[in-house]
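A quick write-up on the structure given underneath.
Nothing in this text is a laboratory measurement; each read-out follows from the coordinates by a stated rule. Just so you know, these numbers come straight off a predicted model, no measurement behind them. Every residue, glycine as well, gets a Cβ built from its backbone with ideal geometry; the counts of neighbours run over all protein chains shown.
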Amino acid sequence: MVGYDIVSERFDLSNRVVIITGAGQGIGRAFAQAFAAAGAIPVIAELKADAGESVAEGIRETGAQALAVATDVGDEQSTLALAAVVQERFGRIDGLINNAGIFSTIKMRSFSEIPLAEWNQIMHVNVTGVFLMTRAVAPMMKKQRFGRIINISSAAVTMGRSGYLHYIASKSALLGMSRSLAHELGGDGVTVNSLLPGATDTEVERATVSPEQRKAMLAMRSVSRAETPEDLVGTALFLASPDSAFLTGQSLTVDGGLTHL
Ligand SMILES: NC(=O)c1ccc[n+]([C@@H]2O[C@H](COP(=O)([O-])OP(=O)(O)OC[C@H]3O[C@@H](n4cnc5c(N)ncnc54)[C@H](O)[C@@H]3O)[C@@H](O)[C@H]2O)c1
């Protein structure tokens with residue numbers, strides 16, 4: 001006889017309620033679709049209400065469940081209202097993917113040219129938004145003695161790329177926040193990890209990687225090809241599952257082996 005329990009249902013996400021912020025497009029949208037396909041119920045918490053609703057509708061058309069709730073992660077009342085709606089509708093909150101961020105709209109420029117207002121806005125949404133969302137869902141997760149929080153950082157923080165210091169600073173903050181929150185919530189069965197995607201191609205056009213940077217990154221990747229949102233979903237599903245219970249405060253880089261923490 002072994003001295004531990006063998007879990008019979010590995011990676012089972014059936015009916016797990018997972019809030020995914022900023023899931024109206026890009027990586028968040030792929031997460032919402034993948035979680036629904038895995039049997040979970042994604043809650044799309046998106047600033048752009050129409051985009052969020054359209055992702056939820058697309059998922060419901062496949063026969064799966066999904067709910068869209070217009071949310072501004074930088075507004076405390078909005079995050080509390082979201083948690084209340086999800087609690088009332090489903091009676092639980094199993095996961096939170098802090099994916100929303102100011103990213104694809106960023107204009108690359110030297111740190112000396114970043115307007116202070118833009119610096120403050122990025123720190124507010126990308127850092128304070130994670131703080132507020134985590135505070136909004138933590139009471140429910142603690143009560144259930146189960147919760148999975150995944151903070152979407154960026155592999156760019158390991159490289160120290162130039163052109164968007166505010167963004168790099170905001171995504172670096174998430175690594176420390178995940179580690180500290182892991183300690184604060186670990187005793188309640190809630191894990192907190194950071195997922196660091198490499199430069200990932202989505203349906204959204206953007207100018208956050210110069211052609212030269214992109215070429216150099218592709219050449220240096222161990223798996224030398226472009227990254228897509230589908231490359232990230234397996235790690236997110238694992239981090240949200242009961243099987244990742246003993247993994248917390250960690251930083252997982254999914255960038256095809258370009259950087260190594
Ligand atoms: N795509 C990449 O190459 C890449 C690489 C590393 C990390 N990331 C991170 O992954 C996440 C998703 O990336 P993406 O490429 O899909 O970005 P994106 O810019 O295409 O999407 C971000 C989403 O967040 C939403 N959002 C912005 N502010 C919000 C707010 N206050 N409240 C709620 N929603 C808000 C936007 O409306 C949008 O739908 C971001 O956090 C990004 O920083 C992306």
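Could you tell me which of rounded, prolate or oblate describes region 109-261, using a ≥ b ≥ c as the square roots of the eigenvalues of the alpha-carbon gyration tensor, with rounded for a/c under 1.5 and, failing that, prolate when a/b is larger than b/c and oblate otherwise? Cα axes put region 109-261 in the oblate bin. Loop-located trypsin sites (Lys or Arg not before Pro) in region 134-192 (DSSP state other than H, G, I, E, B) with a sparse environment of at most 12 neighbouring Cβ atoms within 10 Å: 145. Mean residue ellipticity, 222 nm, helices only, the chain: the sum of -39500 (n - 2.57) across DSSP H runs of n ≥ 4, divided by residue count and rounded to 500, is -13000 deg cm²/dmol.
Most fluctuating residue of 234, 95, 52 in a GNM of the chain with Cα springs under 10 Å: which is it? For the chain, modelled as a Gaussian network with Cα springs under 10 Å, the answer is 234. By the count of neighbouring beta-carbon atoms within 10 Å, fewest first, 243, 255 end up ordered 243, 255.
Neighbours of residue 232 by Cβ distance under 13 Å: Lys/Arg scored +1, Asp/Glu scored -1, total -4.
Could you work out the longest stretch of the chain that avoids the GluC sites (Glu not before Pro) located in DSSP loops with at most 16 other Cβ atoms within 10 Å? Mind showing how you got there, number by number?
Numbers: sites that count: 9, 203, 205.
Longest site-free region, per DSSP loop and neighbour criteria: 10-202.
Taking Cα pairs under 8 Å and at least six residues apart, what relative contact order does region 17-254 come out at, in percent? Each step should come with its number before you reach the end.
Values: 454 pairs, mean separation 46.8, N = 238.
Taking the mean separation of contacting Cα pairs over the length of region 17-254, I get 20 percent.
The charge dipole of the chain, taken about the Cα centre with unit charges on the Cβ atoms of Lys, Arg (+1) and Asp, Glu (-1), comes to about 480 debye, rounded to the nearest 20. Considering the chain as a Gaussian network with a 10 Å cut-off on Cα pairs, which listed residue, 69, 55, 209, attains the greatest mean-square fluctuation? Of the options given, 209 has the highest mean-square fluctuation.
Computed from backbone phi, the HN-Hα couplings of region 132-146 come to 5, 5, 5, 5, 5, 9, 4, x, 5, 5, 5, 4, 6, 6, 7 Hz, rounded to whole numbers (Karplus: 6.51 cos²θ - 1.76 cosθ + 1.60, θ = phi - 60°; Gly and Pro given as x).
In the chain, a dipole from Cβ-located charges (positive for Lys and Arg, negative for Asp and Glu) runs towards its positive end, and of 190, 51, 248 it is 248 whose Cα lies farthest in that direction.
Rounded to the nearest 20 debye, what is the charge dipole size of region 5-97 about its Cα centre when +1 sits on each Lys and Arg Cβ and -1 on each Asp and Glu Cβ?
On the way: 7 positive and 13 negative charges, 37 e Å.
It comes to approximately 180 debye.
For region 183-198, putting each phi into the Karplus relation 6.51 cos²θ - 1.76 cosθ + 1.60 with θ = phi - 60° gives couplings of 5, 5, 10, x, x, 9, x, 10, 9, 9, 10, 9, 10, 10, x, x Hz, in residue order, rounded to whole numbers and with x for Gly and Pro. Applying a threshold of 24 Å to the alpha-carbon distances of 143/171; 142/171; 48/171; 107/215 flags 143/171; 142/171 as lying beyond it.
Would you mind giving the average projected area, over all directions, of the Cα convex hull of the chain in nm² with one decimal?
14.7
Taken one residue at a time, the phi angles of region 70-83 give Karplus couplings (6.51, -1.76, 1.60, θ = phi - 60°) of 4, 9, 10, 5, x, 10, 4, 4, 5, 5, 5, 5, 4, 4 Hz. Gly and Pro are set to x.
Of the residues 20, 122, the one with the fewest other Cβ atoms within 10 Å heads the list, and the complete ranking is 122, 20.
Specify the longest stretch of the chain that does not include any exposed loop site, a site being one of the chymotrypsin sites (Phe, Trp or Tyr not before Pro) with a non-H, G, I, E, B DSSP assignment and at most 10 other Cβ atoms within 10 Å. Please report the intermediate quantities before stating the final value.
Working: sites that count: 4, 246.
After excluding every exposed loop site, the longest remaining stretch is 5-245.
Could you check which residue among 210, 170, 251 shows the biggest mean-square fluctuation in a GNM of the chain with a 10 Å Cα cutoff? With Cα springs under 10 Å in the chain, the top fluctuation among 210, 170, 251 is at 210. Distant-in-sequence amide contacts of residue 254, defined by a placed amide H-H separation under 5 Å and a gap of 5 or more residues or a different chain, comprise 196, 198.
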